[in-house]
Amino acid sequence: MQRVMEYVEEKKVNAKFTSFVPYEDLKALYLACDIFVLLSLEEGFGVVLTGALASGKPLIGSSVGGIFMQIRSGWNGFLVEPANEKQLADKIKYLMDNEKERVNMGRRSRTFAKEWFDWRKIAGRYS
């Protein structure tokens, strides 16, 4: 964690490391970030990822539970092995160093959210 924070400071990246965030504060944080990272060791669906998708952010998440349902690794973000700090650091660095790819992955996330997680479309699939 210390090395990540030093790297962030060196590169002058606006980063915020959080734990629990109240629901009403999430939208502002999604919009303020360039990359969304969810490092769960266990996870069901990962609803918080859906908000990041809808906000058009590239995602990095642990390859556990249902996270893979929202991250298509290499397309709209990356899946990393749980607790694999090197993999995580490599993916964050890649996205920080490749703005065009970061933006493109974010656009793909937004498209994916519209196609699969819009409530009207979900309801239509079940009617």
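Points to keep in mind about this one:
- Sites excluded, trypsin sites (Lys or Arg not before Pro) in DSSP loops with at most 12 other C-beta within 10 Å, longest stretch of the chain: 17-127
- The chain: relative contact order as a whole-number percent, Cα under 8 Å and 6+ apart: 22
- Choice from G44, G106, G65 with maximal GNM fluctuation in the chain (Cα, 10 Å cutoff): G44
- The range 2-118: antiparallel DSSP beta bridges as a percent of all, rounded to 5: 0
- Size of the range 2-118 from its Cα atoms: along the principal axes, largest to smallest, the extents are 39, 30, 27 Å.
- By the helix-only formula, in which each DSSP H run with n ≥ 4 contributes -39500 (n - 2.57) and the sum is divided by residues, the chain has a 222 nm mean residue ellipticity of -15500 deg cm²/dmol.
- Each residue in I122, I60 was given a count of other beta-carbon atoms within 10 angstrom of its own, and listing them fewest first yields I122, I60.
- Exposed-site-free run, longest, the chain (rule: chymotrypsin sites (Phe, Trp or Tyr not before Pro); DSSP loop; at most 11 other C-beta within 10 Å): 21-125
Every number in this text was worked out from the coordinates using simple rules, so none of it is lab data. Note that the structure is a prediction, hence the values are computed from the model and not measured. Virtual Cβ from ideal backbone geometry, glycine too; neighbours counted across all protein chains shown.
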